[in-house]
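The next block holds one structure in the form of structure tokens; read it before the comments.
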Amino acid sequence: MSVETLHGEPVQSDDPHQAFAVHYKERKQQDESYIVGMWTFLVTEIMFFGALFLAYIVFRNIWPGELSEISREHLNVKLGFINTLILLTSSLTMAMAVQSAQRKIEGRVYFFMFATIALALCFMGVKFVEYSKKYNENHVPGPLFHYVAEGAETKATVAGVEVVKTEGSTEVAHEAEHGRKFSLEPVKGSATSSAQHAEIFFSLYFIMTGLHGIHVILGVLVMLIIIVMMWFKSPLVADFMPIEMTGLYWHFVDIVWIFLYPALYLAHPDLQKFLHG
Amino acid sequence: MAKHSEHSEAVVSHEEHHEHHYTPTSHFLVVFGFLMIMLFATVGAAFVDLSKVVPIPGLNIIVMLLIATVKASAVVLVFMEVRKGTRLVWMWAAVGFVWLPTMLGILGDYFTRNWTTARPW
Amino acid sequence: MSDIPVHHDPHSHDQPEPNYLNWSHTVKDWLLTGDHKRIGMLYLISVTIFFIVGGVAAMFIRVELLTPKADLFSLETYNRIFSAHGIVMIFFFLIPSIPATLGNFLIPLMIGAKDLAFPRLNLLSWYIYVIGGTFAVLALVFGGVDTGWTFYTPYSSMFSNGNVVLTIFAAFFAGFSSIFTGINFIVTIHKMRAPGMTWFRLPLFVWAHYATSLIMVLGTPVVAITLLLLVAERSLHLGIFNPNNGGDPVLFQHMFWFYSHPAVYIMILPGMGVISEIIACFSRKRIFGYSFVAFSSLAIALLGFFVWGHHMFTTGQSMYLGMVFSILSFMVAVPSAIKVFNWASTLHKGRVSFHSPMLYALGFMGLFLIGGLTGLFLSTMGVDIHLQDTYFVVAHFHYVMVGGAIMAFLGGVHFWWPKMTGRMYNENMAKVAAVMIFVGFNATFFPQFIVGYLGMPRRYAVYPEEFQFWHILSTMGATLLGLGYAMPGVYLVASLFNGKKAPANPWGAVGLEWHADSPPSPHNFHETPIVTWEAYEYDIDGEAGMYDGPLEGNEEKRTNFGGESGTEPAGHPAGD
């Protein structure tokens, strides 16, 4: 990355920390170009996630009470807390990795890069636990989605036989999983709409955390590639700039989660009172 | 390598060919500690009904998002080293966060759509 | 791949100097090039292909509309044809047309750099564009899509049976391609300027591209995520945009237009940059009110982000927001008018010569004027209720996007063709083509204002018989327009084989790009230029002003920067 060259021409110095591609005038210009370029890219990422936050705010505004209720009941604040802790720590280790690279202490670079990767994998592990719970509860939006508000009675028609079920009974979920024909009719008028609210909430939840998770995985992949290239002494990573770029990206991923956590997990009923007037 | 004093301001490595300013570890640790405190503050804010203390509706989510903004700023300034960046880096670090509210202007529609009793056309 | 001579002696003219076109001829060196000039040429070829595809679709539409009944195509096919026309033309021709071809080629030359800041990112953006284009072509081959280019929900998410997902991925990739181009331009303009090239010495073309890049970077991600949401919605029936499931289709339109309205300025702003260059050159005058024109580009880019709602006056969005959007839309007219007035003032008392690029530029001014003013009709809420989704709207945005952007694109291609290829084209044919396009364009789209005002809705194949006169007129014009567009394709390509060799500065222009060879050497300049003169230092009475024809090139005008025996750069102020 740092030895970006014009038509593959060699870089102009033997010392990787001084080398720069031929279309630059000096090393400083190249460094700042990379940093500004990365920040410009992060601007696009901000707008990218910003649009998702916008959609979320819109629906939180339309059904303030319902969505925060669903969030409180079905998202695990503790797991979210642990994940925030993990990501913040990984930001620290990433910052240390960048610093070590700047100081050319190779051993420390490896250590902190691996630490960051390990923390990122822990993060994804916790996410996996959360996702699989949602999957088992049929809260993944799509054809299998099924949601009934806590305690609400429904009249489920399974194979033509009417049975009254309460949410939490595994049987309904079981039927749904096996694609058997069944329909749920709400006993209370609000059950359908609460299922709609839940589907939209979970859609946004999965898209937001999912895209964030994809960013985490991409970050891990980039770090692994850099480590492998460092191991084989590739001239492309002889310099600290690739790690610094990765660091900027990683901190951004962390910032997204810093906002995702309170927005998704810490929905307080107080908001409900406010918006219902 | 551990000889570098890690508690002085803006340590500079004086290698023969290369000179790069780096942030001392102590700064990172201080910011990390600050982030931890803020994290607990966020969670705390979720469990205390703040609008009972100060009668501003929706205070909790406002406080939580403000805390998140402070946390993000700390990450941007220190971890991402914008604090030591050139003016150009400052500018482009700010552009995204400054521009985002423009898009949130879309919310204006949702806040004012029902202000009229007339039926929408 | 490393055998380019890095340095040439500018004084040895014994053997032909290698230029960016002829230093290597292998396919690999073209497809893996980092050279902004070669990538610009790759883009030029690809956008031309998509222009042809979109143009053919347009001709199908016009032929179908000759008669009031749907006799050539079924209604379903017609939907797919106009959707293909819109999607291909907007995402694959208009948005990359000027920035990715002329911008890519010229920005480093204009600011005195050897290349864009990130050559590989530049190449990557072309590949992503090609991937997106392949998706679009596949979607067409598999039967197309019938949603229109706007993909409005819930039709596109719930009901349409076309290749919506494939087309959306096509647009998504095209978007990423333009994001990368935008990042590259921004960093290049910030960091790669030659010594002495201050912000206020930049050509207005570069200012316009900076503004365009801002839009690409700030807007495109929003439409990217919107399209992703639409894909998720369509494949999983999430309900975010579906009112039946409690969602809000207006939210889709908000998010879509938050990008897609500024995208209109992605199309027109670079065109305005081109026009500034051409007008200054062929009036032999400094652009009137340089800094106003420069800042009006930024103003258009930024104001353009606050007017998306004027596409949605009839959707049930908040009436109060509608009023705000209406007022803000009027305000966009101010920087646009600043530009037009400044161009007109530049022409005033200038030494105007009517070479083919100038004809395109003057055509642009006229057509953009009409397109811009009819935009004011449409930004008036009350009038828009009547005109929404009629051919009046169609005519309006074609006047801006075809009459504006494509005229500017063609003008720019003609202006810089000698620089890009090193060949002169047939000037007389070019003049005929410019006039044909102007006449054909007006004949095509002016009747659409009338028929639209009378009530002809857009996107319909069937219409009342009393509209037929206008439609026949429009189709006749479209035929002329199509022939006009075909002509440059013929004589420009012909010039590659039998055109006269172009001098370094055939037009006697003063921009930095004219100090490079025609075609430029692989590294653009033999030495890093040092800029000591202001932009557009045309001397209306002086040597540069005495220039009297494109073929009378004066190679001596080429300057060695800092060279011991070099002449002063053209237009260098004597005592500054």
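The values are calculated or read from the model by the stated rules, or taken from the named source; none is laboratory data. Predicted model only: the values in this text are computed from it and were never measured. Every residue, glycine as well, gets a Cβ built from its backbone with ideal geometry; the counts of neighbours run over all protein chains shown. Note: accessible area is taken over every heavy atom of the protein model, side chains too, but ligands, DNA and RNA are not part of it. Shrake-Rupley method; radii C 1.70, N 1.55, O 1.52, S 1.80 Å.
Note on C:Arg459 and B:Ser26: with the Förster distance fixed at 45 Å, the Cβ-Cβ geometry gives a FRET efficiency of about 0.10.
The label point for B:Thr69 and the one for B:Phe34, both projected 7 Å from the Cα toward the Cβ, are 1.6 nm apart.
Here, segment C:76-171 yields an orientationally averaged convex hull projection of 6.6 nm² when only Cα atoms define the hull. Taking max minus min of the alpha-carbon positions on each principal axis, segment A:16-57 gives extents of 47, 16, 11 Å, largest first.
Compute log10 of I(q)/I(0) for chain C with the Debye formula, placing one identical point scatterer on every Cα and leaving out solvent, at q = 0.12 Å⁻¹, to two decimals. Taken in order of the listed q values, log10 I(q)/I(0) reads -1.18.
What do you get for the angle between helix C:164-191 and the principal long axis of chain C? Use alpha-carbon atoms, 0 to 90 degrees, nearest ten. Relative to chain C, helix C:164-191 is tipped by roughly 30 degrees.
What the phi angles of segment C:279-293 give under the Karplus curve with 6.51, -1.76 and 1.60, with θ = phi - 60°, is a coupling list of 4, 4, 5, 8, 9, 6, 9, 5, 4, 5, x, 3, 5, 5, 5 Hz, glycine and proline written as x. Shielding value for A:24-32 is 3, the average number of Cβ atoms from other chains within 10 Å of each residue's Cβ. Could you state the number of Å between the C-alpha centres of segment C:267-292 and segment C:109-178? What the calculation gives is 30 Å, centre to centre. For the segment C:219-232, counting C-beta atoms of other chains within 10 Å of every residue's C-beta and taking the mean gives 5. The sum of -39500 (n - 2.57) across all DSSP H runs of n ≥ 4, divided by the residue count of chain C, sets its helix-only mean residue ellipticity at 222 nm to -20000 deg cm²/dmol. Taking the average, over residues, of other Cβ atoms within 10 Å as the packing measure, peptides B:72-81, C:260-269, A:77-86 rank C:260-269, B:72-81, A:77-86 from highest down. Put simply, chains A and C cover up around 3600 Å² of each other's accessible surface, both sides summed, when a 1.4 Å probe is used.
With solvent modelled as a 1.4 Å probe, how much accessible area in total do chains C and B shield from it at their shared surface, in Å² to the nearest 100?
Counting both chains, the buried surface is close to 2000 Å².
Cross-chain or 8 or more residues apart, Cα under 14 Å: how many lysine pairs in segment C:35-557 fit that? Count them up, please.
Taking the Cα cut-off of 14 Å, the pair count is 6.
I need the Kirkwood Rh of segment B:25-85: take the reciprocal of the average 1/r across all distinct C-alpha pairs and report it in angstrom.
Radius from the Kirkwood sum: 12.6 Å.
Would you kindly calculate the translational diffusion coefficient of segment C:223-323, applying Stokes-Einstein with the Kirkwood radius from alpha carbon pairs, for 25 °C and a viscosity of 0.890 mPa s, and quote it in µm² s⁻¹ without decimals? After rounding, the answer is 151 µm²/s. Shape verdict for segment C:327-400, please, from the Cα gyration tensor: rounded (a/c under 1.5), prolate (a/b greater than b/c) or oblate. Oblate, since a/c reaches 1.5 and b/c is not below a/b. Debye-formula intensities of segment C:406-524, expressed as log10 I(q)/I(0) at q = 0.12 Å⁻¹, are -0.58 (one equal scatterer per alpha-carbon, no solvent). Around the amide H of C:Arg423, modelled in the peptide plane, lie the amide H atoms of C:Ala502, all under 5 Å away and 5 or more residues distant in sequence or on another chain. Packing, as the average of other Cβ atoms within 10 Å across residues, places the peptides A:132-140, C:474-482 in the order C:474-482, A:132-140, highest first. Summed over both chains, the area buried between B and A is near 5000 Å², taken from the accessible surface of protein heavy atoms with a 1.4 Å probe.
As a ratio to 2.2 N^0.38 Å, the alpha-carbon radius of gyration for segment C:127-168 is 1.16. Since only C:Leu31, C:Leu512, C:Leu214 are under comparison, the one whose Cα sits farthest along the positive direction of the charge dipole of chain C, derived from C-beta charges on Lys, Arg, Asp and Glu, is C:Leu214.
Peptide C:54-66 shows a mean partner chain C-beta count of 0 within 10 Å per residue C-beta. Remark: relative contact order (chain C) = 17 percent; criterion is Cα-Cα distance under 8 angstrom and separation of 6 or more residues.
With every protein chain left in place, what is the accessible area per residue of chain C in square angstrom, probe 1.4 Å? With the other protein chains kept in place, chain C gives 34 Å² per residue. The trypsin sites (Lys or Arg not before Pro) of segment C:50-151 meeting both criteria, a DSSP state outside H, G, I, E and B (loop) and at most 12 other C-beta atoms within 10 angstrom of the site's C-beta, are C:Lys69. P(r) for segment C:404-443, from all Cα pairs and a bin width of 5 Å, is 6, 21, 28, 26, 12, 4, 2 %, short bins first. Considering only protein heavy atoms and a probe of 1.4 Å, how much of the accessible area of chain C is carbon and sulfur, as a whole percent? Accessible surface attributable to carbon and sulfur in chain C totals 69 percent.
When only alpha carbons are used to place a centre, segment C:201-236 and segment A:76-116 end up 32 Å from one another. From most to least packed by mean Cβ count within 10 Å, the peptides B:34-41, C:352-359 give C:352-359, B:34-41.
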